[in-house]
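Accompanying notes for the structure given below.
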Amino acid sequence: MKEEGGIKKTLFDWAMGVGTSVSKARQDGRSPGLFDKAQHTIADKLVLSTIRERFGGRLRFFISGSAALNPDVAQWFDAVGIPVLEGYGLTETSAASCVNRPDANRLGTVGWPLPGTEVKIADDGEVLIKGPGVLTGYHDRPDATAEALDSDGWFHTGDIGSLDEEGYLRITDRKKDMFKTSQGKYVAPSAIAATFKGISRMRRRSSSTVRASRTVSRWWHSTPRPSPNGRARTVSTVGRSPISHSTTGRTS
């Protein structure tokens with residue numbers, strides 16, 4: 001689409017913006033306004049439906065597991081009208097324990113527990129699971145079994161997570177990756193890594209802007225330009241900052 005440019009790219013960007021707006025309203029539990037609904041009907045007919053046709057035209061949803069789904073990817077597909085239902089489970093829980101539903105999909109979470117499965121969060125943030133799919137023990141490994149299963153039958157997953165007010169489970173980190181601060185607080189490194197990634201992106205953008213500004217400044221101050229008396233002049237920037245130096249007192 002970037003290569004084609006023109007009206008097609010403009011129309012595509014507009015349609016995706018409308019789809020994203022409607023998707024986010026749905027995620028927030030809000031009903032899109034009349035204007036958004038009208039726009040979405042047009043956007044779907046002109047653009048979004050053609051994208052769905054590329055996937056066969058009858059695809060209702062994807063299911064994603066094994067690793068965390070990129071939020072931007074999830075948002076893109078949801079805006080198009082093909083939700084990606086993220087799920088969660090382990091070998092010890094007979095694979096899936098939680099999954100989002102087509103009619104109850106909250107991006108960034110792994111959904112609700114499957115029927116018969118219980119999930120709770122321990123005091124230290126670890127996700128605990130109990131249900132018919134949970135293992136009864138590791139073969140010939142009683143020590144490992146005692147470490148993973150408590151006396152009440154709860155399986156300790158080793159994952160850190162949280163349950164929101166509607167029961168959606170969000171996985172945030174691995175317990176073994178957490179570290180303890182000098183104040184005695186456990187910190188999830190993934191949250192810190194995500195923060196630094198955001199800072200790095202901002203720094204890269206800022207650096208690019210500064211480099212561009214310096215390039216333009218050098219070009220401007222080294223390009224011959226007419227002076228009031230009609231003669232061309234060149235202003236040297238040697239020994240001066242290309243951005244912050246003063247223009248006062250220069251001579252032709």
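Computed from the coordinates by the stated procedures, all read-outs in this text should not be read as laboratory data. These numbers were taken from a predicted model, which means no experiment stands behind them. In this analysis, Cβ positions are derived from the backbone assuming ideal geometry, glycine residues included, and neighbour counts consider all displayed protein chains.
A few notes on this one:
- A simple spin-label model places pseudo-atoms 7 Å from Cα toward Cβ; at R174 and V73 they are separated by 1.9 nm.
- Label-point separation in nm, A122 to I7, each point 7 Å along Cα→Cβ: 6.2 nm
- Taking 16 Å as the cut-off, the amide N atoms of region 113-143 that come nearer than this to a point 7 Å along the Cα-to-beta-carbon line of S94 belong to 113-119, 129-138.
- Among V134, V18, V110, V73, sorting on how many other beta-carbon atoms sit within 10 Å of each Cβ, with the fewest leading, yields V73, V134, V18, V110.
- Built amide H within the under 5 Å cut-off of R174, gap 5+: I160
- In order through region 9-18: 3J(HN,Hα) via Karplus (6.51 cos²θ - 1.76 cosθ + 1.60), integer Hz, x for Gly, Pro: 5, 4, 5, 4, 4, 5, 4, 5, x, 5
- Computed from backbone phi with θ = phi - 60° and the Karplus coefficients 6.51, -1.76 and 1.60, the 3J(HN,Hα) list for region 62-73 is 10, 10, 10, x, 6, 8, 4, 7, 4, x, 5, 5 Hz; x is used for glycine and proline.
- A protection proxy built from the mean count of other Cβ atoms within 10 Å ranks the segments 76-84, 151-159, 49-57, most packed first, as 76-84, 151-159, 49-57.
- Listed by Cβ neighbour count within 10 Å, with the fewest neighbours leading, T91, T41 appear as T91, T41.
- Theoretical gain in end-to-end length, S49 to Y138 [0.36 nm per residue, Cα-Cα removed]: 27.2 nm
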